[in-house]
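Only one structure is covered here, and it is reproduced in the block below.
The values are calculated or read from the model by the stated rules, or taken from the named source; none is laboratory data. Keep in mind the model is a prediction, meaning the values are calculated, not measured. Cβ placement follows ideal geometry from the backbone for every residue including glycine, while neighbour counts extend to all protein chains displayed. Calculation scope for accessible area: heavy atoms of the full protein, side chains included, ligands and nucleic acids excluded. Shrake-Rupley method; radii C 1.70, N 1.55, O 1.52, S 1.80 Å.
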Amino acid sequence: MPAITLPDGSTRQYDEPVTVAAVAASIGAGLAKAALAGRVDGELVDTSYVIARDARLEIVTDKDSAALEIIRHSTAHLLAQAVQSLFPDAQVTIGPVIEDGFYYDFAYKRPFTPEDVAAIETRMRELAAANLPVARRELPRDEAVALFRSMGEHYKAEIIASIPSNEPISLYGQGEWFDLCRGPHVPATGKLKSFKLMKVAGAYWRGDSRNEMLQRIYGTAWLHDKDLKDYLHRLEEAEKRDHRRIGRELDLFHFQEEAPGAVFWHPKGWRVFQTLIGYMRDRQAAAGYDEVNAPEIMESSLWQQSGHLEKFGENMFLTKTPDERTFAIKPMNCPGHVQIFKQGIRSYRDLPVRFAEFGKVHRYEPSGALHGLMRVRAFTQDDAHVFITEEQITAESVRMIELLLSIYRDFGFDDVQVKFADRPPLRVGSDEIWERSEQALKAAAEAAGVQCAYNPGEGAFYGPKLEFHLRDAIGRTWQCGTLQVDLNMPGRLGAYYIDEHSQKKTPVMLHRAIFGSLERFLGILLEHYAGRLPPWLAPTQAVVMGITDRQHDYVAAVTEMLKNQGVRATSDLRNEKLGFKIREHTLQRVPYLLVAGDKEVAANLLSVRTLSGKDLGTLTVTAFVSRLQADVERRGRTVLEE
RNA sequence: GCCGGCUUAGCUCAGUUGGUAGAGCACCUGAUUUGUAAUCAGGGGGUCGCGGGUUCGAUCCCUGCAGCCGGCACCA
């Protein structure tokens, strides 16, 4: 005789076991209709779930935080059903919920075409309109394996076979079709309305490039049509902030076929790039770093010794000289910095030694990985290597983490994702050394109060790392900063210092980058700010313009004064209407537009307008410059005006 | 690197069921001297990504390659 307690605290008695759906119906017809699933004693179940004992029950409707995931998961099933109804020999594999939607991977003899996808979506709508009831049943594992195997569903059989044999397997069916699934699912396909298939792509079985490639279909699904519409609109908006588009529109950089993955920086883009470098140079100097510069091309023997050729060789550009020596274009800066450390004798009193370099590195990245500024083959790192004793690891790492987060804050990045990555399969050094370096890095992250996600097996080949990830316009995250503890490289390259007992000791080396790659960081910034770089970064901070030719001399003189005071200013003396000039420079995202008409000339003032269209009134040149200086001081920490 | 798609003027894109191409914006010239997001008129501009094949003829069909786009795999 189950007593069921509802969220409002009331309790209902039932004479015999009841389903979630029945409870909902006994409360009200509206609730019964809205029910998507149930939560029994905190656990999500189907509406068909039978409650036999006293329990707490919540009816999950579209108001519930779990609703969206259930809808997406059920829509993935609907997709699989549609595919198998149109392509009976396609095999199902997995179909998880992801951010904003779901995907489902199929094994099929040929790739799906865009036309196939359109047909699949149409079939999905038909199946949804048929409002097929969704039913759950359970089978012992081995029977489930046999069942799927007999159906020719080899991938599914393989998945089930990897589940422990004592666990019963749940199957979900709708119409003729069923699939292995943990659930829960919506009660009937009619609940699925606001979805759309987005794209087809290849994806490796079990995510391993040695395996065969499956056909992945991505879809998005929402509770209401309005949410779907909003989502599609968000995608459109995100496309407008794509850094590749902004780079072209603002004339910042370009790429061309002859140099895949290498940036041609235009004057305006390079100005921003140099501003970033200047900023980092100041911050690093204040944090005790010395800037150095090492060769970009060094003989391969050095890279042999460091282990790069063996572990990273696939990604290296090699070149043979006319005298038959083989050189490598550096893919990393560390070996160069170790060479500098090795010159002369270092005492323990000299540590930490902090070398920083804006080092341009080249990596032969797989062609399919290239992506605008985010993933290139030639890039500039704000790289640094700090040589310390093992005892200093934690303190120095904490200093680094604090510097890093403080710098991100200057750009308005307050929520940075941090991941801890430990030993990769392809690595140098003993497990004992790895154990020590992993522990030390973990301790440092804790001491700095950083919450880390875990990224197993993703460390560098010489040491574990903390990764600092930032998001792009459409939510993809990119690793920018990194902090790596390395107990291997200094020893391999013969670096040592003299300790307090006059003994040679191998230093620990911390590798770190904050922007990571200047190119990528700038790409992220362009998307983060939608091209509206804050005044301290904007390639052009102010444009001075006249209204007629009468103000020509005044505009030229003011522009000159601004430039002399370090303002990145240009003048617009073209014979165009003011509205036209305002529009053009606004589209170019210039933070300040300074207008001089006859009135301003007479009063020796400027009419100041911000990028967002705000009228700041008339100011003297001096007043404007101090306003701009205040902006520069604040950097990106201000909330941007919309 | 793998799967799919794409590549036409500086940009965004149309077009030719195979007979060597067009729009808007941009650019140039002229007129206009203009007060906070587009003044008007005229003009120039393309070996249709590159190579090979089929054909009387290829930008269009076939094929190889490159680059780009979306995923996957790989990574700052």
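Numerical summary
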quantity	calculated
Qualifying position, being small (Gly, Ala, Ser), more than 14 Å from RNA strand B (Cβ to nearest atom) and more than 18 Å from A:Cys480 (Cα to Cα), among A:Ser347, A:Ser367	A:Ser347
The one condition in (1) under 24 Å from the mean Cα position of the chain (by Cα); (2) within 26 Å of A:Gly288 (Cβ to Cβ); (3) open to solvent by less than 30 Å² (accessible area, probe 1.4 Å) that A:Asp422 fails to fulfil	(2)
Single condition A:Ala556 does not satisfy, out of (1) in contact (Cβ under 8 Å) with a residue 40 or more places away in the chain; (2) surrounded by fewer than 23 Cβ atoms within 10 Å (Cβ to Cβ)	(1)
Any hit, region A:167-182, residues being more than 16 Å from RNA strand B (Cβ to nearest atom), without any contact (Cβ under 8 Å) to a residue 40 or more places away in the chain, touching a Gly at 6+ places or on another chain (Cβ under 9 Å) and not charged (D, E, K, R)	yes
Qualifying position, being over 22 Å from A:Lys240 (Cα atoms) and either buried (at least 18 other Cβ atoms within 10 Å of the Cβ) or of a type in the set (Lys, Arg) (or both), among A:Leu606, A:Leu611	A:Leu606
Residue that is surrounded by the fewest Cβ atoms within 10 Å (Cβ to Cβ) [pool: residues in region A:269-310 that are more than 26 Å from the chain's Cα centre (by Cα) and charged (D, E, K, R)]	A:Asp282
Residues located in region A:251-265, provided they are small (Gly, Ala, Ser) and within 8 Å of RNA strand B (Cβ to nearest atom)	A:Gly261
Condition met for A:Ile51 (open to solvent by less than 20 Å² (accessible area, probe 1.4 Å) and modelled with pLDDT under 95)	yes
Those strands (runs of 3 or more DSSP E) lying entirely in region A:1-47 with at least 2 residues touching a residue at least 24 places away in the same chain (Cβ under 8 Å) and open to solvent by less than 60 Å² (accessible area, probe 1.4 Å)	A:3-5, A:37-40
Condition met for A:Gly579 (open to solvent by 20 Å² or more (accessible area, probe 1.4 Å) and of a type outside the set (Ser, Thr, Tyr))	yes
Identity of the residue in region A:54-74, assigned to a helix (DSSP H, G or I) and of a type in the set (A, V, I, L, M, F, W, C), that ends up most open to solvent (accessible area, probe 1.4 Å)	A:Leu68
Output for region A:92-107, where each listed residue is assigned to a loop (DSSP other than H, G, I, E, B) and of a type in the set (Val, Ile, Thr)	A:Thr93, A:Ile94
Top-ranked residue of region A:429-479 - restricted to ones that are farther than 30 Å from A:Arg492 by Cα and of a type in the set (Val, Ile, Thr), ranked as nearest to RNA strand B (Cβ to nearest atom)	A:Ile474
Among the candidates A:Glu138, A:Glu153, residue that is crowded, with 17+ Cβ neighbours inside 10 Å, farther than 28 Å from A:Gly368 by Cβ and either more than 16 Å from RNA strand B (Cβ to nearest atom) or among the small types (Gly, Ala, Ser) (or both)	A:Glu153
Scope region A:570-593; condition more than 6 Å from RNA strand B (Cβ to nearest atom), among the aliphatic types (A, V, I, L, M) and more than 23 Å from A:Ala530 (Cβ to Cβ); matching residues	A:Leu573
Residue match in region A:237-258 (condition: under 30 Å from A:Lys191 (Cβ atoms) and outside any strand (DSSP E or B))	yes
When residues of region A:486-513 are limited to those that are in a loop (DSSP other than H, G, I, E, B) and either open to solvent by less than 20 Å² (accessible area, probe 1.4 Å) or within 16 Å of RNA strand B (Cβ to nearest atom) (or both), the one modelled with the lowest pLDDT	A:Asn488
Residue that is nearest to RNA strand B (Cβ to nearest atom) [pool: residues in region A:355-364 that are open to solvent by 20 Å² or more (accessible area, probe 1.4 Å) and touching a helix residue (DSSP H, G or I) at 6+ places or on another chain (Cβ under 8 Å)]	A:Arg363
Region A:214-229, subset free of Cβ contacts under 8 Å to residues at least 40 places away in the same chain and either touching a Phe, Trp or Tyr at 6+ places or on another chain (Cβ under 8 Å) or not acidic (Asp, Glu) (or both), residue surrounded by the most Cβ atoms within 10 Å (Cβ to Cβ)	A:Leu228
Test result for A:Phe358, at pLDDT 95 or above and part of a strand (DSSP E or B)	yes
Qualifying positions in region A:378-401 - surrounded by fewer than 20 Cβ atoms within 10 Å (Cβ to Cβ) and in contact with a strand residue (DSSP E or B) (Cβ under 6 Å, 6 or more places away or on another chain)	A:Ala378, A:Glu390
Near pairs, Cβ below 9 angstrom, 6+ apart or cross-chain, from region A:242-270 (free of Cβ contacts under 8 Å to residues at least 24 places away in the same chain and under 16 Å from A:His362 (Cα atoms)) to any residue that is within 12 Å of RNA strand B (Cβ to nearest atom) and among the polar types (S, T, N, Q)	A:Phe264/A:Gln256
Cβ pairs under 6 Å, 6+ apart, first in region A:607-635 and within 13 Å of RNA strand B (Cβ to nearest atom) and at pLDDT below 95, second open to solvent by 40 Å² or more (accessible area, probe 1.4 Å) and not in a strand (DSSP E or B)	A:Ser612/A:Glu641
Single residue of region A:191-232 satisfying the filter (polar (S, T, N, Q) and over 21 Å from A:Pro114 (Cα atoms)) that is nearest to RNA strand B (Cβ to nearest atom)	A:Ser209
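Residue by residue, here is whether (1) aliphatic (A, V, I, L, M); (2) closer than 25 Å to A:Ala107 by Cβ holds:
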residue	(1), (2)
A:Met1	yes, no
A:Gly9	no, no
A:Arg12	no, no
A:Ala52	yes, no
A:Leu68	yes, no
A:Ala76	yes, yes
A:Val97	yes, yes
